[in-house]
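One structure below.
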Amino acid sequence: MESGHEWTFFTNHAHVLVCLVSNPNQSLRQVALAVGITERAVQRIVAELEEAGFLERQRVGRRNTYAIHMERHMRHKLEAHCSIGQILEPVVSRVS
């Protein structure tokens, strides 16, 4: 990115969802590296998304796997008519 042009259209919450939809078995450390934020920030975002019902975390052995609820609708009134699946589908190569 050019200096001074570091904003993006998606929030870190959306970036985390894109990562987890693309690979629901990856570690939060891998997500943090891909998004460009700290692992602690990813943990907070995942907890918020889980609390809001956008994803579920399931323990598989020593790792977590994540199920994204693609049918859930966006939270802001301007996008509430769209599900997160509709928003993420064009961005990710595989939507569950």
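Structure summary
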{"read-out": "Of all accessible heavy-atom area on the chain, the percent that carbon and sulfur account for (1.4 Å)", "value": "52"}
{"read-out": "Cα gyration tensor, the chain - rounded (a/c under 1.5), prolate or oblate", "value": "oblate"}
{"read-out": "Charge dipole (debye, nearest 20) of the chain; +1 at Cβ of Lys and Arg, -1 at Cβ of Asp and Glu", "value": "420"}
{"read-out": "Sparsely packed trypsin sites (Lys or Arg not before Pro) within region 11-96, loop by DSSP, other Cβ within 10 Å at most 14", "value": "62, 75, 77, 94"}
{"read-out": "91, 42, reordered so the largest accessible area comes first (probe 1.4 Å)", "value": "91, 42"}
{"read-out": "Computed [θ] at 222 nm, deg cm²/dmol, the chain (DSSP H ≥ 4; -39,500 (n - 2.57); rounded to nearest 500)", "value": "-11000 deg cm²/dmol"}
{"read-out": "Label-to-label distance, nm, for residues given as residue 83 and residue 67 (7 Å Cα→Cβ offset)", "value": "1.5"}
{"read-out": "Å² per residue, accessible surface of the chain at 1.4 Å", "value": "70"}
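The values are calculated or read from the model by the stated rules, or taken from the named source; none is laboratory data. Only a predicted model underlies this, so the values are computations on that prediction, with no experimental measurement involved. Cβ: placed from backbone, ideal geometry, glycine included. Neighbour counts: every protein chain shown. Accessible surface is based on the protein model in full, side chains and every heavy atom, while ligands, DNA and RNA are left aside. Shrake-Rupley method; radii C 1.70, N 1.55, O 1.52, S 1.80 Å.
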